[in-house]
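J.: Let me begin by handing over the structure; questions about it come next.
Derivation of every value follows stated rules applied to the coordinates shown; laboratory data play no part. As the structure is a prediction and not an experimental result, all values here were calculated from the model. Because the Cβ atoms are built from the backbone with ideal geometry, glycine has one as well, and the counts that use them run over all protein chains shown.
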Amino acid sequence: MYLARKIDQELKIWRESSQRKPLLLRGARQVGKSSAVKNLATEFEFFVEINFDENPFFKKVFENGLNPTEICEQLSVATNTPIVAGKTLLFFDEIQACIPAISSLRYFYEKMPDLHVIAAGSLLEFTLAEIPSFGVGRVRSMYVYPFSFEEFLLANKEKNLLDALKKATPEKGFSDIFHEKLKRYFKKFLVIGGMPEAVNTYIETGNMLDVQRVLDDLTQSIEADFAKYKNRVSTQRIREVFNAVVQQTGNKFSYSYPNSTLNNVQIKEALELLQMAGLIYPITHSASNGIPLGAEINPKQRKFLIFDMGIFQRILGLNIANLLIEDDFDVINKGYIAELFVGLEILKSSSCYEKNDLFYWQRESRNSQAEVDYVIQKNEKIIPLEVKAGKKGSMQSLFLFLKEKNIDFGIRLSLENFSQIEKVKIYPLYATMNIFEPI
């Protein structure tokens, strides 16, 4: 069963565009890239899928030359399917296994611009790093993430509830009945996460134990892929750093983590590989004195987020009963899962055509230590976000940031309903996406 994704609409826009370029889907393994393409294929008369992992034979087609017309002629014969501009969707899956095929994408744009061509692959970033100028200006990238909370609601057939949520603001208020219902879905989403297989399993069975088994399988699959990252970096080294990121979520990453067997250079290399694989995202300290936020960063001060909450809670071994039942979410404070949720929602709410960055702010002095969990840019405004897993907590750091940077308002994300206190707008955690609605 295919569950609708926001990317579906973007793919339809791409399909109908007169300025279309070959499309490269990028993102971590098993986040739904291939499924989205196959769903789009139902709108075409013909669909040709070339999987270079399953059928290495097709590599020879590209090794013999990069003329798109000749490539299509050979692929059409080999698959017994017509490749006709406007009628056929040509899909290159696991394209990282065939570098000449990646190089050919630019020629499809130049010589067969009317043909719909999409490529995707797992661990694609490693290959692209070796050919950084493969198709500048001739190939369009689209970044794919696990399910967002919005998509999770749609998967549960809660479109009306989602429509009501999108209209809610701190100024308008929100129905307590809707608020409680959304909190229940939010708790489930923290446990399930956004991996398509996990979400599908929950929708089809409603069984959380089945979901947990799927998450365990996915975790093992991800760790098995570590061996593919680079031959000179051991699987054990990658696994050690990956687990260190999970354990330090919500805190500035320390290279001196418990039981470390690696030096700083080895840890840094492993972190870079995990980022390239799309398994972790950095949150970088920004002075936040102006835009763009990336202009005043300190790359030595970074936090890291794992790419999915469901896998995060399975690795940490969080008590899912507490996640589902408790309203104070003490267990979330221990795992920093609220901060993880917000960071991932920020990325998923951003443009799918850009690789977006996350920022935080911290002030360290003897007399005044303060930290704001996230700082975002919305239009020409800088907005600080403070995350609270429960319903209570001071906002000293947030008020200090507003005063020091002369910012109009800040946002607090918590389990509370929509409201406003002085210069702070309060959003429920589940409504993180609302922050990006037009001001």
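J.: Once both labels are modelled 7 Å past Cα along the beta-carbon direction, what's the Ser221-Asn264 spacing in nm?
T.: 3.8 nm
J.: Pairing the Cα long axis of helix 196-205 with the longest principal axis of the chain, what angle in degrees results, from 0 to 90 and rounded to the nearest 10?
T.: That helix lies at roughly 80 degrees to the long axis.
J.: What's the extension gain from Glu296 to Tyr353 if we count 0.36 nm per residue and subtract their Cα-Cα distance?
T.: Difference between extended and current length: 18.2 nm.
J.: For Met208 and Asp8, what is the calculated FRET efficiency with R₀ set at 30 Å and r taken between the beta-carbons, to the nearest 0.05?
T.: After rounding to 0.05, the efficiency reads 0.65.
J.: Same structure, new question: Roughly how tilted is helix 235-247, in degrees to the nearest 10 and between 0 and 90, from the longest Cα axis of the chain?
T.: Rounded to the nearest ten degrees, it is 30.
J.: What lysines sit close enough to Lys38 to cross-link, taking a C-alpha to C-alpha distance under 20 Å and skipping anything fewer than 8 places away on the same chain?
T.: Lys6, Lys12, Lys21, Lys87
J.: What does the charge count near Ser351 come to, summing +1 for each Lys or Arg and -1 for each Asp or Glu among other residues with Cβ under 14 Å from its Cβ? Mind dumping the intermediate values first?
T.: Working: positive: Lys6, Arg26, Arg140, Lys348, Lys355, Lys378; negative: Glu10, Glu354, Asp357.
So the surrounding residues net to +3.
J.: Sort Lys378, Lys33 by Cβ crowding within 10 Å, fewest neighbours at the top.
T.: Lowest count first: Lys378, Lys33.
J.: Could I ask something else about it? Regarding the stretch 174-276, what is the average projected area of its C-alpha convex hull, in nm²?
T.: Details: hull surface 36.5 nm².
That works out to 9.1 nm², a quarter of the Cα hull's surface.
J.: Whole Å is fine, so just give me how far the alpha carbon centre of the stretch 108-178 lies from that of the stretch 367-419.
T.: Measuring centre to centre over Cα atoms gives 27 Å.
J.: Could you please report the charge total around Gln275, scoring K, R as +1 and D, E as -1 over all other residues with beta-carbon less than 12 angstrom from its beta-carbon?
T.: Computed value for this residue: -1.
J.: If you don't mind, there's one more thing I want to ask. Using DSSP to define loop residues, name the GluC sites (Glu not before Pro) in the stretch 21-99 whose beta-carbon has at most 14 other beta-carbon atoms within 10 Å.
T.: Glu43, Glu45, Glu54
J.: What length, rounded to one decimal in nm, is gained on full extension from Glu180 through to Gln247, with 0.36 nm per residue of separation minus their alpha-carbon distance? Display every interim value, and only then the final one.
T.: Numbers: separation 67, 0.36 × 67 = 24.12 nm, distance 3.04 nm.
That works out to 21.1 nm of additional length.
J.: Now, a different point. Filter the cross-link list Lys381/Lys403; Lys181/Lys348; Lys33/Lys187; Lys187/Lys388; Lys166/Lys405 down to pairs whose alpha-carbon distance in this structure exceeds 20 Å.
T.: Going by Cα-Cα distance, Lys181/Lys348; Lys33/Lys187; Lys166/Lys405 fall outside the 20 Å limit.
J.: Could you list log10 I(q)/I(0) for the chain at q = 0.06, 0.07, 0.14 Å⁻¹, which the Debye formula gives when each Cα is one point scatterer?
T.: Each listed q corresponds, in turn, to -0.27, -0.37, -1.38.
J.: Counting helices only, and only those DSSP H runs with n ≥ 4, report the 222 nm mean residue ellipticity of the chain as the sum of -39,500 (n - 2.57) divided by its residues, in deg cm²/dmol to the nearest 500.
T.: After summing the helix terms and dividing by the residues of the chain, the value is -12500 deg cm²/dmol.
J.: Looking at the stretch 6-143 from every direction and averaging, what is the projected area of its Cα convex hull in nm²? Walk me through the numbers before you get to the answer.
T.: Working: hull surface 29.8 nm².
Convex hull of Cα atoms, orientation-averaged projection: 7.4 nm².
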